[in-house]
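The values are calculated or read from the model by the stated rules, or taken from the named source; none is laboratory data. These figures come from a predicted structure and were not determined experimentally. Reconstructed Cβ throughout: ideal geometry from the backbone, glycine too, with neighbour counts over all protein chains shown. The area values use the complete protein model at the heavy-atom level, side chains included, leaving out ligands, DNA and RNA. Shrake-Rupley method; radii C 1.70, N 1.55, O 1.52, S 1.80 Å.
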Amino acid sequence: MAKLVKKNPSVKKPRKSKSAVPDDRYIKVIGALCLLCSLYLAVAFVSYLFSWQEDQDKVLQFSWSLLGQSELAVDNWLGRLGAIVSNAFFYWGFGLASFGWAMMLAKLGWTLLTRRPIGTFWKYARNSVMTIVFMSLVLEFMLMSFSFPWGGAFGESTYIWLSSFLGNAGLFLFLVFIIGVCIIWNFNPQVKTPGMMDNLRMNINWPALFEMFKSDKPVKAFAGIESVDVPEKAAKTPLRPGFFTEFQNAFRNEPEQPPISTDEPFVFEEDLDFDLQPAHPKRHSTQDTTELEITETTQSFPEESDNDADADLLHSQLVKRPNMNPEVTHVEEDNINHSEPYDSTKDLSDYRYPTLELLLDYAEENVEIDRAELEANKDQIIATLLNYKIEITKIRATIGPTVTLYEIVPAAGVRISKIKNLEDDIALSLAALGIRIIAPIPGKGTIGIEVPNKKKQVVSLKEVLLSEKYSNAKMDLPIVLGKTIANEVFVADLGKMPHLLVAGATGQGKSVGINTILMSLLYKKHPSQLKLVLIDPKKVELFPYAKLVNHFLAILPGQDEAIVTETKKVIHTLNSLCIEMDERYDLLKKAHARNLREYNDKFVNRKLNPHNGHKFLPFIVLVIDEFADLIMTAGKEIELPIGRLAQLARAVGIHLIIATQRPSVNIITGVIKANFPARLAYKVASKVDSRTILDFGGAEQLIGRGDMLLSIGSSVIRLQCAFVDTPEVESVIDDISGQRGYPEPYYLPEYQDDDTLINGAKGLKYSELDEMFEDAARVIVQNQLGSTSMIQRRLKLGYNRAGRIMDQLEAVGIVGPNEGSKPREVLIFNEMELDTYLQDLRSRN
């Protein structure tokens, strides 16, 4: 019988224990918080890169108490907290490597948010911490000379200790060793002994090897090696798929393949790797990439045959190559013996770039800016504006080499036009010439007042060429123009301008500016990469560059002087450049290249065949020193080729620099202005001239002596041109011309105008050729009959005109001399030969 148990009401039931695993939502919230902190750190770090100089003194002075200084403003995008946090990580921590902490927080947040195993994060965190520590030391080792805390306090202290212990050379070797260890540990590169596979392939006894695969008996498969005993278990073990394919790939270059036969067909897998170690199933990783794509196919063995064609067929079926452009394949076959990239500098491999010691340093002549002058100008500007009831809330000065920019922020409700109209009043109060007001400054909410310094600094060419902006410039044609108002070196790419128009009154620095541009090109480019076409109607400015005729200059065939000075030869040179441009476009069309850079890259990489007319094309820079004189004397004959070059020559690497001291509308026409988006204006006499050059005023307010405005598109920059004296230019030119040059100059295509005599035509000019000359020549060659009456009948001409055409045909060598009543002898035998002759005649014209 079952006993009845009375329940005790005083005894409570045990509660169910809660799970020890926390709620899934808490973990996701923590993950989202980690992502938020990561984003906050990243934004603060990026802001620190731009605002560290303004905020560092405030952060170091107030430290964490800065959080309570509500009236203190910082430039960091995330406020005072962002300034403190970023300074702590960068300055007191690990420098630029601190971005790794933000990435590590992002990884942790994503791991928690997606509920992935936390074990994967610890491996990532370990590697990240090691990378942060190592990069902090590397950055400090490489960039310690800069004021920015690249490696932070940790990198600096570690570098100081290691450099004192190992020395700089020892520290460098230590860092290289660490990098090598990391590569070996993470990638495990395999180093194969060259020639090992070749020796193994030569000693294989193929029939015995395949007998070993079919039978269980031990056989001698390798010549020179004792018999290989195959264990019974291993011999009966079925071969894994792909085994024969690995041997097929390993010994694919064997000239004679043994016949292959089997009772049952094997399935082949295409595999790029061949390993002599015991085979294991190979996992294909998605991270492995190869240039050649192999399509996996299955193919059974053909029946046994003594014909080697079956083996070749099997080989062609096993390997499927990707589709290739027939033209590219042909090009690669033509260049099969030229595996190394083409070096355009090889012909002048011993060429030495000019040294900066050839230039003078004017730093000793520079003077320090007078702080009292800045304060006096500031007070005078404020007082002048207050006289006209214009209040400002902020004023800031940016000191340049010759001009100081005062940026003012007007009070609310002040109209900008009122300040703009006070330009002359401010100039009067400051007793200074060249006051220029920018209202407003593009990209800023301020108004700029440019005031010339009383004591001006000289910007030397040597100083700007020593700058990192120039030495590290990755440009096609880097030209250094001088310094900006912020005292920063300004380097531009002539290849992207793509042409430059220089204008200004006499004696304001145009010639010095052209010398600065040419010097910056000579210091950066090899003679094989750049050619100059120099036109100087004044005959005195560019003559020193004539010594570079076998290095950097491009001239016409038969040209007596390297620098073009005569107007007629200028016309020939410009038209010759047009022919050069057309020829280059033909080469780009054949090479399927859009611009000169793509074309030269293909030629350097041996993708273009020189036997098809392709060649390395250097940049060509055309410099015209006094354009106004040419327009006055030649007019349309100069303007038309200039306009054509300006419109089309950019893509083929021909760039123009035109200078003039008369910026009038009849000199700088609409066609020229439309194709010269980059314009450089020195001081001019009137606002009209400034508008002619720049389309706006301002150039008339410049102070001269190299002070200039550069307009590129919609942006305007005020620059102080770098100064280089004539003796410095001559020293650099003498240094280059004293070296070995090319045997002959770079010749432009030959050009003949209508007034030029035809070579070997007995005084006949191109302009004297009859309009029906080519038609008459074709009639004569088609019929092989040199008869004047036939020209009359076929072309319906009068006898006198037909006789003159026949004389012209005799003069150029198409028909022979008159033989009385007999027809003249025809010296060209078919139309193909005639077309070639006429094409040559037209090209010379």
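Among the residues of the stretch 795-832, those that are more than 54 Å from the chain's Cα centre (by Cα) and of a type in the set (Gly, Ala, Ser) comprise Gly798, Ala802, Gly803, Gly816, Gly820, Ser821.
Of everything in the stretch 480-539 that's assigned to a loop (DSSP other than H, G, I, E, B) and without any contact (Cβ under 8 Å) to a residue 40 or more places away in the chain, which residue is farthest from the chain's Cα centre (by Cα)? Among residues in the stretch 480-539 that are assigned to a loop (DSSP other than H, G, I, E, B) and without any contact (Cβ under 8 Å) to a residue 40 or more places away in the chain, the one farthest from the chain's Cα centre (by Cα) is Lys539. Close contacts from the stretch 718-729, counting a first residue that is more than 17 Å from Leu542 (Cβ to Cβ) and touching a residue at least 60 places away in the same chain (Cβ under 8 Å) and a second that is of a type in the set (A, V, I, L, M, F, W, C) and open to solvent by 10 Å² or more (accessible area, probe 1.4 Å), with Cβ to Cβ under 7 Å and a gap of 6+ residues or different chains, come to Arg718/Ile485; Leu719/Phe490; Cys721/Val512; Phe723/Val458; Phe723/Val512.
Ile408 meets each of the listed conditions (1) outside any helix (DSSP H, G or I); (2) touching a Leu at 6+ places or on another chain (Cβ under 9 Å); (3) open to solvent by 20 Å² or more (accessible area, probe 1.4 Å) apart from (3).
Condition check ((1) in a loop (DSSP other than H, G, I, E, B); (2) at pLDDT 50 or above; (3) of a type in the set (A, V, I, L, M, F, W, C)) across all residues:
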{"position": "Val5", "(1), (2), (3)": "yes, no, yes"}
{"position": "Pro14", "(1), (2), (3)": "yes, no, no"}
{"position": "Ser17", "(1), (2), (3)": "yes, no, no"}
{"position": "Pro22", "(1), (2), (3)": "yes, yes, no"}
{"position": "Lys28", "(1), (2), (3)": "no, yes, no"}
{"position": "Leu33", "(1), (2), (3)": "no, yes, yes"}
{"position": "Leu39", "(1), (2), (3)": "no, yes, yes"}
{"position": "Ala44", "(1), (2), (3)": "no, yes, yes"}
{"position": "Tyr48", "(1), (2), (3)": "no, yes, no"}
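Residues in the stretch 601-617 that are crowded, with 20+ Cβ neighbours inside 10 Å and touching a residue at least 60 places away in the same chain (Cβ under 8 Å): 2 in all.
Any residue at all in the stretch 787-809 that is hydrophobic (A, V, I, L, M, F, W, C) and within 27 Å of Ile579 (Cβ to Cβ)? Within the stretch 787-809, one or more residues are hydrophobic (A, V, I, L, M, F, W, C) and within 27 Å of Ile579 (Cβ to Cβ).
Would you mind finding the one in Lys418, Lys462, Lys455, Lys444 that is of a type in the set (Lys, Arg), open to solvent by less than 60 Å² (accessible area, probe 1.4 Å) and either in contact (Cβ under 8 Å) with a residue 24 or more places away in the chain or outside any loop (DSSP other than H, G, I, E, B) (or both)?
Numbers: Lys418 fails: open to solvent by less than 60 Å² (accessible area, probe 1.4 Å); Lys455 fails: open to solvent by less than 60 Å² (accessible area, probe 1.4 Å); Lys444 fails: open to solvent by less than 60 Å² (accessible area, probe 1.4 Å).
Checking each option against the conditions leaves just Lys462.
Report yes if Glu468 is modelled with pLDDT of 80 or more and surrounded by 20 or more Cβ atoms within 10 Å (Cβ to Cβ), otherwise no. Judged against the criteria, Glu468 is not a match. One residue stands out in the stretch 552-566 among those that are part of a loop (DSSP other than H, G, I, E, B) and small (Gly, Ala, Ser): the one that is least open to solvent (accessible area, probe 1.4 Å), namely Ala562. The single condition among (1) open to solvent by less than 20 Å² (accessible area, probe 1.4 Å); (2) at pLDDT 90 or above that Ile579 does not meet is (1).
Taking the stretch 320-365 as the region of interest, how many residues are outside any loop (DSSP other than H, G, I, E, B), within 30 Å of Lys602 (Cα to Cα), open to solvent by 90 Å² or more (accessible area, probe 1.4 Å) and at pLDDT 85 or above?
Result for the stretch 320-365: 2.
The condition (being within 24 Å of Ile399 (Cα to Cα) and over 25 Å from the mean Cα position of the chain (by Cα)) is satisfied by just one residue among Lys462, Lys454, Lys469: Lys454. Would you confirm, using the coordinates I've provided, whether Ala628 is touching a His at 6+ places or on another chain (Cβ under 7 Å) and more than 22 Å from Leu521 (Cα to Cα)? Considered against the rule, which asks whether it is touching a His at 6+ places or on another chain (Cβ under 7 Å) and more than 22 Å from Leu521 (Cα to Cα), Ala628 comes out as no. Residue pairs whose Cβ atoms lie under 6 Å apart, sitting 6 or more positions apart in sequence or on different chains, and linking a residue in the stretch 782-810 that is small (Gly, Ala, Ser) to a partner that is open to solvent by 20 Å² or more (accessible area, probe 1.4 Å), are Gly786/Pro823; Gly786/Arg824; Ser787/Pro823; Ala802/Thr788; Ala802/Gln792; Gly803/Thr788. Only residues that are modelled with pLDDT of 85 or more and β-branched (Val, Ile, Thr) were counted across the stretch 366-383, and they come to 2.
Looking only at the stretch 387-404, residues that are closer than 30 Å to Val489 by Cα and open to solvent by 20 Å² or more (accessible area, probe 1.4 Å) come to 6 in all.
Considering (1) at pLDDT below 70; (2) open to solvent by 40 Å² or more (accessible area, probe 1.4 Å), the lone condition that Val133 does not fulfil carries the number (1). Determine if the stretch 602-615 includes at least one residue that is closer than 26 Å to Ile642 by Cα, not in a loop (DSSP other than H, G, I, E, B) and not charged (D, E, K, R). Within the stretch 602-615, not a single residue is closer than 26 Å to Ile642 by Cα, not in a loop (DSSP other than H, G, I, E, B) and not charged (D, E, K, R).
Residue-wise test of (1) in a helix (DSSP H, G or I); (2) surrounded by 14 or more Cβ atoms within 10 Å (Cβ to Cβ); (3) polar (S, T, N, Q).
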{"position": "Ala777", "(1), (2), (3)": "yes, yes, no"}
{"position": "Gln782", "(1), (2), (3)": "yes, no, yes"}
{"position": "Asn800", "(1), (2), (3)": "yes, no, yes"}
{"position": "Ile805", "(1), (2), (3)": "yes, yes, no"}
{"position": "Pro817", "(1), (2), (3)": "no, no, no"}
{"position": "Met832", "(1), (2), (3)": "yes, no, no"}
{"position": "Leu838", "(1), (2), (3)": "yes, yes, no"}
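Residue by residue, here is whether (1) assigned to a helix (DSSP H, G or I); (2) without any contact (Cβ under 8 Å) to a residue 40 or more places away in the chain; (3) hydrophobic (A, V, I, L, M, F, W, C) holds:
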| position | (1), (2), (3) |
| --- | --- |
| Gly100 | yes, yes, no |
| Trp110 | yes, no, yes |
| Phe121 | yes, yes, yes |
| Arg126 | yes, yes, no |
| Phe148 | no, no, yes |
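Contact map, the stretch 380-401: first residue closer than 30 Å to Val458 by Cα, second residue open to solvent by less than 40 Å² (accessible area, probe 1.4 Å) and of a type in the set (D, E, K, R), Cβ cut-off under 9 Å, separation 6 or more or different chains; pairs are Ile395/Glu407; Arg396/Glu407; Ala397/Glu407; Thr398/Glu407; Gly400/Glu450; Gly400/Lys483; Gly400/Arg718; Pro401/Lys483.
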